[in-house]
1. Every residue in segment 408-425 that is surrounded by 15 or more Cβ atoms within 10 Å (Cβ to Cβ), touching a helix residue (DSSP H, G or I) at 6+ places or on another chain (Cβ under 6 Å) and in a loop (DSSP other than H, G, I, E, B), please.
2. Working only within segment 231-246, note down all residues that are crowded, with 24+ Cβ neighbours inside 10 Å and in a helix (DSSP H, G or I).
3. When only residues in segment 2-43 that are part of a loop (DSSP other than H, G, I, E, B) and free of Cβ contacts under 8 Å to residues at least 40 places away in the same chain count, which is most open to solvent (accessible area, probe 1.4 Å)?
4. For segment 84-104, which positions are polar (S, T, N, Q) and either closer than 19 Å to Ala269 by Cβ or modelled with pLDDT under 95 (or both)?
5. I'm trying to understand the selection: among the residues of segment 393-407, which are open to solvent by 70 Å² or more (accessible area, probe 1.4 Å) and either outside any helix (DSSP H, G or I) or over 20 Å from Pro467 (Cβ atoms) (or both)?
6. Collect the residues in segment 215-254 that are more than 25 Å from Pro376 (Cα to Cα) and small (Gly, Ala, Ser), keeping them in residue-number order.
7. Assess whether Val211 counts as being β-branched (Val, Ile, Thr), surrounded by 21 or more Cβ atoms within 10 Å (Cβ to Cβ), within 30 Å of the chain's Cα centre (by Cα) and assigned to a strand (DSSP E or B).
Amino acid sequence: MADSLLFNPRTYDPAHFDPETRRLLRATVDWFEDRGKRRLIEDYRSRAWLADFLAFAAKERLFATFLTPSSAGESDDQRWDTARIAALNEIFGFYGLDYWYAWQVTILGLGPVWHSDNAAARARAAQLLSEGEVFAFGLSEKTHGADIYSTDMLLTPDADGGFRATGSKYYIGNGNAAGLVSVFGRRTDVEGPDGYVFFAADSRHPSYRLVKNVVDSSKYVSEFRLDDYPVGPDDVLHTGRAAFDAALNTVNVGKFNLCTASIGICEHAMYEAVTHAHQRILYGRPVTAFPHVRRELTDAYVRLVGMKLFSDRAVDYFRSASPEDRRYLLFNPMTKMKVTTEGEKVIDLMWDVIAAKGFEKDTYFAQAAVEIRGLPKLEGTVHVNLALILKFMRNHLLNPAEFAAVPTRLDAADDTFLFEQGPARGLGSVRFHDWRPAYDAYAGVPNVARFREQADALCEFVATAAPDEEQSRDLDLLLAVGQLFALVVHAQLILEQARLTDLDEDVLDELFAVLVRDFSAYAVELHGKDSATADQQRWALDAVRRPVVDEARSGRVWQRVEALSGAYEMAP
């Protein structure tokens, strides 16, 4: 029997979506399955451009259906629906991050357009999508990275009331083929934030020069240069502070996709790893008979389940966001930072088991082990997102507010607020619902109760031993605190989703045993920081807990893991 918690192409039927979404998701799975594993791996190894995949997507109007807001679309099926976008992220991750990347940077490229009130540019983007074109997001630069304050893409006013743009961009996915590239720059005649401009460029224009692919991959992560590129009124998407806000708000939309791509990678790799380990005989018995192997594979499994539970619940807050409810601004960097680093741990645990098999060229695992590393590093590093998360810590832990309950959001609705987010500031004033009821609902689960002790201890830390003004400049110490806070938030949404889906309590208890160990490890790390005070050191050691051990429970969860052996293998 297939595990209902993991994606399995053999049994996948997204019946919770509308008929056209269901058809497109299943058609995408079938396209990959029909190509087969050998072709999938060979395309990855040969770094082939994704022309066949993009032709399929164009034929099915996949991007046009999923990435055109209803306000710009012509069909009732067109909308920006985060739930189904997340489902497609998972499928792309399952078959190869190269496919996901072409889609992801199209999402980023569309962000400034759908945030814009430039009707001509919006119509142009919708038409390009309908023609099967991809998009690109021209923000980063070789010298400055994503430091958009220092952009060297310069726009000089011309005699026709427009501009001439000159400068280069770096790390720009789809820069080789994008029908529209959203480019961030600044005017030469206006100082400060009022001079920012987001404009639309065409990679086929003579003044657009493609320099190179900066990575050795099918992902075309380009360097490009504009030389005296003409920018007319219909090309200008945003000016001034609105251009800056569009950049950050677009990243808010785009970074959410990283978590479900990571989940897809881990799922495919897990089928391979468990099957290999269970079928391999060592010293006269299956590798999976060894206790340490069972522990590692079980830990990998429950971590992966936790990734899925958190991400699914975060979708609901993303879709329910409004000017009065900006809780997504915490849960979004959590999906980017926490879920993707959990993905790395899942792969590492499995790799410790399958060892040399993980390098073999005819496995999916070999590319999974490489590609899983990229996701924590895209759309801001882990450190950047941890620092962002810390802005919400005090309000989230100590200052809850009243909110109506957020339901599961699988309805066929357009997520219009994502392109009406407004100014990208005021994070310290964002309020949250009380995190404790999610824990209270599972107070009878031993390791949830044990982890709750640690969460309560963190509240005491924030109230009585939080970093002082001098320590607040020590980012190394703050990041250790951020990891502790992230665990509490991670656990909260896992518990909320577990309640909504009636998750097996054995799986939940086993998962929280892992989280208790994680919290203890980060507390010990905080204890060892150079600038930790004596009070903080005492608190850290007092917060260490041992998980509640239950061999029978662990055995039942292991049976779920063992059943993954042979449950899915991609056709040759």
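The values are calculated or read from the model by the stated rules, or taken from the named source; none is laboratory data. On a predicted model such as this, the values are computed, not experimentally measured, just so you know. Neighbour counts run over all protein chains shown; Cβ positions are idealised from the backbone, glycine included. Accessible surface is based on the protein model in full, side chains and every heavy atom, while ligands, DNA and RNA are left aside. Shrake-Rupley method; radii C 1.70, N 1.55, O 1.52, S 1.80 Å.
1. Thr408, Arg409, Leu410, Asp415, Gln421, Ala424
2. Hits for segment 231-246 are Ala243, Ala246.
3. Here is the first cut: in segment 2-43, the ones part of a loop (DSSP other than H, G, I, E, B) are 2-18.
Okay, now just the ones that are also free of Cβ contacts under 8 Å to residues at least 40 places away in the same chain, so 4, 11-13, 15.
On the way: Ser4: 107, Thr11: 86, Tyr12: 43, Asp13: 84, Ala15: 59 Å².
The selected residue is Ser4.
4. First pass over segment 84-104, keeping only residues polar (S, T, N, Q): 89, 104.
If the condition is that a residue be polar (S, T, N, Q) and either closer than 19 Å to Ala269 by Cβ or modelled with pLDDT under 95 (or both), then Asn89 is the only one that fits.
5. Let us first name the residues in segment 393-407 that are open to solvent by 70 Å² or more (accessible area, probe 1.4 Å), namely 394, 402, 404-405, 407.
Answer for segment 393-407, where residues must be open to solvent by 70 Å² or more (accessible area, probe 1.4 Å) and either outside any helix (DSSP H, G or I) or over 20 Å from Pro467 (Cβ atoms) (or both): Glu402, Ala404, Ala405, Pro407.
6. Applying the first criterion (more than 25 Å from Pro376 (Cα to Cα)) to segment 215-254 yields 225-243.
Once the filter is applied, which keeps residues that are more than 25 Å from Pro376 (Cα to Cα) and small (Gly, Ala, Ser), segment 215-254 yields Gly232, Gly240, Ala242, Ala243.
7. Details: β-branched (Val, Ile, Thr): yes; surrounded by 21 or more Cβ atoms within 10 Å (Cβ to Cβ): no; within 30 Å of the chain's Cα centre (by Cα): yes; assigned to a strand (DSSP E or B): yes.
No, not satisfied.
One line per residue, one yes/no per condition, for (1) surrounded by fewer than 18 Cβ atoms within 10 Å (Cβ to Cβ); (2) part of a loop (DSSP other than H, G, I, E, B); (3) β-branched (Val, Ile, Thr):
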site: Thr288; (1), (2), (3): no, no, yes
site: Ala300; (1), (2), (3): no, no, no
site: Leu329; (1), (2), (3): no, no, no
site: Thr335; (1), (2), (3): no, no, yes
site: Asp348; (1), (2), (3): yes, no, no
site: Val353; (1), (2), (3): no, no, yes
site: Ala356; (1), (2), (3): yes, no, no
